[in-house]
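> Pasting in a structure now, in structure tokens, and then I'll have a few things to ask.
Only the coordinates and a few stated rules stand behind these numbers; no lab work does. Nothing here was measured: the structure is a model prediction, and the numbers come from that model. Backbone-built Cβ (ideal geometry, glycine too); neighbour counts: all protein chains shown.
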């Protein structure tokens, strides 16, 4: 489902080629049932998507109607998946492992993963660093934060890019002493598992408060009638910004009036 010009899709292509795997191509979600039919007919063993991919499939088709006994695992990246969506996906496909992942194009392209067995225990987490990669959450002063304290995700490893092509100034802004400063805000728990708090550029500044739209989206996503939600900051003369939520509802049958 993922385009190959996109780092997530590109990494799926290359890793499968490297191990002699096969890819079944279906580049459109316009007709979700066709995606499910092809997965069943081709005995697909793995499926990769972004959160909206799974929200659309869960909202438009009954996944349990299709023969997916060969589907061993699902991988998710390309944005934070709401815990409620992960819960629904896991309950719909109880025999399929779900890998929650986090990464960046500049990291070629994966940084962390949540082992499927930890999905319930570490609900909402993006997991731990992938092998041969070091992850730290750092404060603005560059110090490693304490568990529960929000800071910026920084990464070090051979997977980190050398820099942006012919743009040393931009490279210097995010690569410091070999460390990639991702711009993503997160905190760790006492076991070292990472939890995304938002992206520094996306934080809503309302009055004297810095508000994470992701936290509000996850709460709204818990409502059964909600299919998708996006929270943004809107200009306000008094507070600077106010919170606005755009919500897509699931198809609900209208009740008959007496």
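> Say R0 is 30 Å: what FRET efficiency, to the nearest 0.05, do residue 176 and residue 52 get from their beta-carbon distance?
Working: r = 33 Å, r/R0 = 1.09.
Working from the Cβ atoms, E equals 0.40.
> At 7 Å along the Cα-to-beta-carbon direction for both residue 91 and residue 105, put a label point, then send me their distance in nm to one decimal.
3.7
> Using the basic label-point model (7 angstrom from Cα toward the beta carbon), what is the residue 23 to residue 150 distance in nanometres?
3.7
> Now, a different point. Taking R0 as 51 Å, what's the FRET efficiency between residue 239 and residue 30 from their Cβ-Cβ distance, rounded to 0.05? Working shown, then result.
Values: r = 40 Å, r/R0 = 0.79.
Efficiency for this residue pair is about 0.80.
> What is the spin-label model distance, in nm, from residue 250 to residue 164 if the labels are put 7 Å beyond Cα along the C-beta direction?
Here the modelled spin labels are 4.2 nm apart.
> Suppose we keep just the DSSP beta bridges with both residues in the chain; what percent of those would be antiparallel, to 5?
On the way: 39 of 47 bridges.
If I count the DSSP bridges inside the chain, around 85 percent turn out antiparallel.
> When the chain is modelled as a GNM with alpha-carbon springs shorter than 10 Å, which of 18, 84, 245 fluctuates the most?
18
> Let me check against my output: what whole-number percent is the relative contact order of the range 1-120, with C-alpha pairs under 8 Å and at least 6 apart?
On the way: 154 pairs, mean separation 26.7, N = 120.
With pairs under 8 Å counted, the relative contact order is 22 percent.
> Also: Where is the GNM fluctuation largest for the chain (alpha-carbon springs, 10 angstrom cutoff): 197, 167, 87?
Of 197, 167, 87, the Gaussian network model singles out 167 as fluctuating most.
> Follow-up question, since we're still on this one. Treating the Cα atoms of the range 1-123 as identical point scatterers in vacuum, please give the log10 of the normalised Debye intensity I(q)/I(0) at q = 0.16 Å⁻¹, two decimals.
Taken in order of the listed q values, log10 I(q)/I(0) reads -0.79.
> Can you give the percent of C-alpha pairs in the chain whose distance is more than 26 Å?
Values: 15818 of 33153 pairs.
Result: 48 percent of Cα pairs exceed 26 Å.
> Could I ask something else about it? Using a Gaussian network model of the chain whose springs link C-alpha atoms within less than 10 Å, name the residue from 37, 173, 215 with the highest mean-square fluctuation.
In the Gaussian network model the winner is 173.
> May I ask you to compute the full-extension gain from residue 13 to residue 62, defined as 0.36 nm times their residue separation minus their alpha-carbon distance, rounded to one decimal in nm? Please report the intermediate quantities before stating the final value.
Numbers: separation 49, 0.36 × 49 = 17.64 nm, distance 2.78 nm.
The span from residue 13 to residue 62 would gain 14.9 nm if fully extended.
> Would you work out the Kirkwood radius for the range 72-216? I mean one over the mean of 1/r across all pairs of different Cα atoms, in Å. Walk me through the numbers before you get to the answer.
Values: mean 1/r = 0.0620 Å⁻¹.
After inverting the pairwise mean of 1/r, the radius is 16.1 Å.
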